[in-house]
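Below is one structure, written out as structure tokens; the observations come after it.
Please treat every number below as a calculation from the coordinates, not as lab data. Keep in mind it's a predicted model, so treat the numbers as computed, not measured. All Cβ positions, glycine included, derive from the backbone under ideal geometry; neighbour counts span all protein chains shown.
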Amino acid sequence: MSDEQGECDICQKPASQKCGACHNVFYCCKEHQKSGWKKHKKVCRPFKCNMLKLKAEVHNDDNLGRHLRATKDIKPGEVVLQESPLIWGPAQVTVPVCLGCGNAVTEKNSRPCNKCGWPVCSETCEKAPGHIPECRYTVLRGDRVSLKNFGVIHPLYQCITVLRCLYQKQFLPEVWKKLDVLQSHCEERKNTHKYEQDRVTIAQFILKFFKLNNVFTEEEILRVSGIVMINSHEVPLTEPPHVAIYESTSMFEHDCSANCTKSFTNKGGLVIAAGKHIRKGDHLSICYTDPLWGTPNRRHHLYQSKFFWCSCKRCLDTTEFGTLFSALKCQSSPCNGYLLPNTFIENNNNEKGCDWACTKCPNIFSAYAVQDLVERIGKDLADMPKGVSKDCKQFMKENEQFLHPNHFYLTDVKFALSQLIGQEKPGGLPGVSDEDLELKARLCQGLVNLFRILIPGESRVRGLLLFELHASMAEIGRRRDDPAELHTLLLESKSILQEAVDLLKHEPDSLPEGKIYKQAVVNLKELEFVLRTVHKTIGDSPM
């Protein structure tokens, strides 16, 4: 029994019993809770938000706006939210794609829609609900679309996702009501190059090409363009990836060290799960940018794409929770300290910034010198051939004298190398040298330890690393002559693999991470069989 009082969701009488899952809805008795579950289960979520359908308290903040807070403790891996997209469509910059399924099309594997002429890959895609808006508007304009250039970025597609939102505004008010409350940041976007570009390539194009001057205004279209820009998520289920807007997910706030992880279903739905233990009352967050970028790059990207300067705990801490993820090595011999600025957010223009000081000696490194060094190393990384372990090792050797071992450039290369070893040549891990096998294991373990601190909500990347670590440990054990040592390493490999399975369990099997999850489940069963066999040899318990 709760001390809080509310109205029963069924009869509106005074009630004190809450739904045990979301804690958002009251009932006066168990019978009413049972009878109301069929309807309530569709919206029951373990968080509070200001959405009316969840009947939750409004959470607003001058800086955050609408945001979500957990209404109970949430365990790592527990699903917080799963929802289908309100709208999906091609990215603004894209090659021609099928407007029924979102995959790239060519002249050979597509045909024009019988009604509108837009390329589709099948009869099923021609009839897909998602294709209705542009099909209808094209038919109404009185002239079919005819595409002849495939395989290159096509300007016609810039308007499609915005047009699909406008269709909701004109014909589907219930869906539009959900889109209409989302941020567009129109005022902040005005007078930017992107805003002016959208005015011509999206707003004016839609009005003229589809002859909709009497239906929408330029300002309305630019506002919708902002809604798409600010709230859309890249969905990697198609090639190329498409974008989608999700209702409840739009209220998850950003954090560069988020507590939730984002996955997708095979059908384009979004799954948000806890990446770490979340306590009751905690804000729920996901990362809007690449969490493995350096702080200035993350903040600049967020300002360019989402129109805010991040000041989360990670951005405020130059050591990034003690990982020194952006630190440089002090060049004063024999000092073994590291260089960092007093702050990364001294000014919101991310211009020169302040000078960098050593953590152990009086050495000062000018902001200009830091910028030159980091830009040079970044260019070397960008120019480095991809998928070649030899080049990764050379990059690490050349730059470890300037960068902290956890520096984001070295971390990027270490992650790539940890995946390449055993995949670069035929034969897999059995064909890898002992030296490279040990290196792979060290890299994976080091990165897992780093990411647990730095990005605890990013379950996918940790799951991939743990899968590779498990494979390395098992292969190292196979090469040992001592059955007892093999047994110990296999036990450790099994424990690592089980964690990988737990972290990857929400990944769809249409993506590489989902395929690795399925392989991890198979490997786990095989490991258990091998452990039982080794146990018979050495007489120790395999558990």
When the Cα centres of the stretch 214-251 and the stretch 375-399 are compared, how far apart do they sit, in Å?
36
Treat each spin label as a single point 7 Å out from the Cα along the C-beta direction, and report the H535 to S433 distance in nm.
3.8
Among 69-80, 317-328, 421-432, how do they line up by average Cβ neighbours within 10 Å per residue, starting with the highest?
317-328, 69-80, 421-432
What residues qualify as long-range amide H neighbours of S285, i.e. H under 5 Å apart, gap of 5 or more or another chain, H built at 1.01 Å from N?
N259, C260
Grab the beta carbon distance between Q170 and N266, set R0 = 25 Å, and tell me the FRET efficiency rounded to 0.05.
0.20
Going by alpha carbons, how many degrees (0 to 90, nearest 10) lie between the helix axis of 218-231 and the longest principal axis of the chain?
30
Within the chain, what percent of beta bridges assigned by DSSP are antiparallel, to the nearest 5?
90
Between the stretch 406-466 and the stretch 263-291, how many Å separate their Cα centres?
23
Rounded to whole Å, give me the distance from the Cα center of the stretch 485-500 to that of the stretch 518-532.
10
Pairs from K425/K515; K18/K177; K379/K518; K30/K518; K127/K178; K13/K505 whose Cα-Cα separation, in the structure shown, is over 31 Å:
K379/K518; K30/K518; K13/K505
Tell me, in nm to one decimal, what length is gained between T343 and E398 on full extension, where the rule is 0.36 nm per residue of separation less the Cα-Cα distance?
17.0 nm
Positive end of the charge dipole of the chain (Lys, Arg +1 and Asp, Glu -1 on Cβ, about the Cα centre): tell me which of C113, H154, A273 has its Cα farthest that way.
C113
How far is it, in nm, from the label point at I453 to the one at D481 when both lie 7 Å from their Cα along the line to the Cβ?
3.9
Calculated FRET value between Q519 and K386, using beta carbons and R₀ = 25 Å, to 0.05
0.60
Cα long-axis angle, helix 160-171 against the chain (0 to 90 degrees, to the nearest 10):
40
Charges only on Cβ, +1 for Lys and Arg, -1 for Asp and Glu: so what's the dipole of the stretch 246-370 about the Cα centre, in debye to the nearest 20?
300
Measuring from the longest principal axis of the C-alpha atoms of the chain, the long axis of helix 459-478 (C-alpha) lies at a number of degrees, nearest 10, equal to 30
Would you list E468, E187, E485 from fewest to most Cβ contacts within 10 Å?
E187, E485, E468
Calculated FRET efficiency for the pair R442/S84, C-beta based, R₀ 45 Å, to 0.05
0.60
Residue-averaged 222 nm ellipticity for the chain, from DSSP H runs of 4+ at -39500 (n - 2.57), nearest 500
-12500 deg cm²/dmol
Using a simple charge model, +1 on the beta-carbon of Lys and Arg, -1 on the beta-carbon of Asp and Glu, nothing else, what dipole does the chain show about its Cα centre, in debye to the nearest 20?
1720
So, in nm, how far is label V93 from label E196 when the simple model puts each one 7 Å beyond its Cα toward the Cβ?
1.8
Measuring from a point 7 Å past the Cα of N213 along Cα-to-C-beta, which residues in the stretch 99-136 have an amide N at less than 16 Å?
none
Around V97, which amide H atoms from residues at least 5 apart in sequence, or from another chain, sit under 5 Å from its own amide H, with H modelled in the peptide plane?
V105
Given V534, P14, G457, which one lies farthest toward the positive end of the charge dipole of the chain, if we put +1 on the Cβ of every Lys and Arg and -1 on the Cβ of every Asp and Glu?
P14
Picking from P241, I206, C256, whose Cα lies most toward the positive end of the charge dipole for the chain (charges on Cβ: Lys, Arg +1; Asp, Glu -1)?
I206
